[in-house]
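Below is one structure; the comments refer to it alone.
What follows draws every value from the coordinates through simple rules; no lab data is involved. Please read these numbers as outputs of a predicted model, since none were measured by experiment. Ideal geometry is used to build each Cβ from the backbone, glycine not excepted, and the neighbour counts take in all protein chains shown.
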Amino acid sequence: MPVAFASSHSKYHPLFDSEEGDIVLRSKEDTLYRIPSFVLSNSCGHFRQLFAKTPCLISQSQSHSPIPMSVQERDIVLEHLLRIICGLEIPIWKSLDLFEDIVALAEAWDAPGPLSLLRSSLTAPLFLKEPIRLYGLTSRLQWDRERKIASMYTLSLPLLSEPYLTQLQRLASKDVLDLMILQRSRRDEFKNLIDEEMTFNAGNAHHFLCGGCATEIDNQTWQALKLRMVFELDKRPLGDTIMDKMDEWPEALACWSAKCPNKGCERLYYDKAATMREIRSCMSLLPATV
């Protein structure tokens, strides 16, 4: 970290101008931050090593006016991290860009305490609006719990469409593959579940008889509805459109109205309420995270 003299235009940040401070940091925008050296060394491995190798930085600061050390960061980034290090109130997060810059500085300073506090903020609603970027960040930092949460929020996105495809290209190939496997496994598992004869016997049994007249039923409408559900899950892996929009599908309308053609019977083939409960149950069994 280079040492440089402050210019005549340099001003101290009002929150970081304590007389107890014996180290001064200077931002790219020429703002000065006076900090006690023990606070920096206790929080950051970078400063601990720096002060151990060059103790004159502290001794000179104690006997003379501290010579500023330049930090190649903007004020907004440096101030946020110093607030965390010094136990001050942290402003409400404004963007994931700023958060990533602060994380990068905390990593460069080897500051595990501030990083753990930053980690606790990762699932804020603002950040969950950008789940692919959040997934990439948590993957790089190996924060598994937050990575799983971020992966769950990607299920509502068409990953192979813009702008998400461009975002995926910035991720490590293994992380992209994990997301693709998650989406594919949801579709395949759902298809297996709705094909089970024990669960959906009226539609999946090879020779299911009408409960009213014992005539073998025609299950083509159920087969068509299954194909539509798998298609919808492939298009939107979250699966919410299956439960919320199904009543609008022509395949669903045909399935729920399908009935025995025998006059005097005309019994409905499928119990809509019971079938919907089973479909919802199948959805709940699908993997939700990487």
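As an exercise, identify the trypsin sites (Lys or Arg not before Pro) in region 179-222 lying in DSSP coil whose Cβ has no more than 16 other Cβ atoms within 10 Å.
The qualifying sites: there are none.
What are the extents of the Cα atoms of region 185-285 along their three principal axes, in Å, largest first?
Its Cα atoms span 43, 26, 19 Å along the three principal axes.
Which translational diffusion coefficient, to the nearest whole µm²/s, is obtained for the chain from the Stokes-Einstein equation, given a Kirkwood hydrodynamic radius over C-alpha pairs, 10 °C and 1.306 mPa s?
Translational D for this selection: 67 µm²/s.
Rounded to the nearest 20 debye, what is the charge dipole size of region 180-261 about its Cα centre when +1 sits on each Lys and Arg Cβ and -1 on each Asp and Glu Cβ?
Numbers: 10 positive and 14 negative charges, 44 e Å.
In debye, rounded to 20, region 180-261 gives about 220.
Over the chain, what is the relative contact order in percent, taking alpha-carbon pairs closer than 8 angstrom and at least six residues apart?
Details: 336 pairs, mean separation 36.9, N = 290.
Value for the chain: 13 percent.
Compute the orientation-averaged projected area for region 134-174 from the convex hull of its Cα atoms and round it to one decimal in nm².
Details: hull surface 11.0 nm².
With the hull built on Cα positions only, its mean projection is 2.8 nm².
Please sort by residue number the trypsin sites (Lys or Arg not before Pro) in region 65-108 whose DSSP state is loop and whose Cβ has at most 13 other Cβ atoms within 10 Å. All intermediate terms of the calculation are to be shown ahead of the outcome.
Details: sites: R74, R83, K94; in loops: R74, K94.
Hits after loop and neighbour filter: K94.
Mind putting a number on the dipole of the chain about its Cα centre? Charges go on the C-beta only, +1 for Lys and Arg and -1 for Asp and Glu, and I need it in Debye to the nearest 20.
My answer is approximately 200 debye.
From the helices alone, meaning DSSP H stretches of at least four residues, give me the mean residue ellipticity at 222 nm for the chain, per-run term -39500 (n - 2.57), in deg cm²/dmol to the nearest 500. Before the final figure, lay out the partial values.
Values: 16 runs with 156 residues, N = 290.
Taking each H run of at least 4 residues, the total per residue is -15500 deg cm²/dmol.
Find me the longest stretch of the chain that has none of the exposed GluC sites (Glu not before Pro), where exposed means in a DSSP loop (not H, G, I, E or B) with at most 15 other Cβ atoms within 10 Å.
90-195
Could you calculate, for region 25-139, the ratio of the Cα radius of gyration to the Kirkwood radius, expressed as Rg to Rh?
Details: Rg = 15.4 Å, Rh = 15.2 Å.
Ratio value, two decimals: 1.01.
In the structure displayed, which of K235/K259; K174/K245; K94/K226; K11/K129; K28/K129; K28/K174 lie more than 32 Å apart, Cα to Cα?
Over 32 Å Cα-Cα: K174/K245; K94/K226; K11/K129; K28/K174.
Do any chymotrypsin sites (Phe, Trp or Tyr not before Pro) in region 7-108 lie in a loop, going by DSSP, with at most 10 other beta-carbon atoms within 10 Å of their beta carbon, and if so which? Mind dumping the intermediate values first?
Working: sites: Y12, F16, Y33, F38, F47, F51, W93, F99; in loops: W93.
Of the chymotrypsin sites (Phe, Trp or Tyr not before Pro), not one in the loops of region 7-108 has a Cβ with at most 10 other Cβ atoms within 10 Å.
Give me the percent relative contact order of region 106-238, please, defined on Cα pairs under 8 angstrom at least 6 residues apart.
Details: 90 pairs, mean separation 26.9, N = 133.
Relative contact order here is 20 percent.
Report, to the nearest 10°, how far helix 96-108 tilts away from the longest principal axis of the Cα atoms in the chain, using its own Cα long axis and a range of 0 to 90°.
For helix 96-108, the angle is close to 50 degrees.
Just tell me which aspartates and glutamates come within less than 15 Å, Cα to Cα, of K272; anything on the same chain fewer than 8 places away is out.
D244, D247, E248, E251
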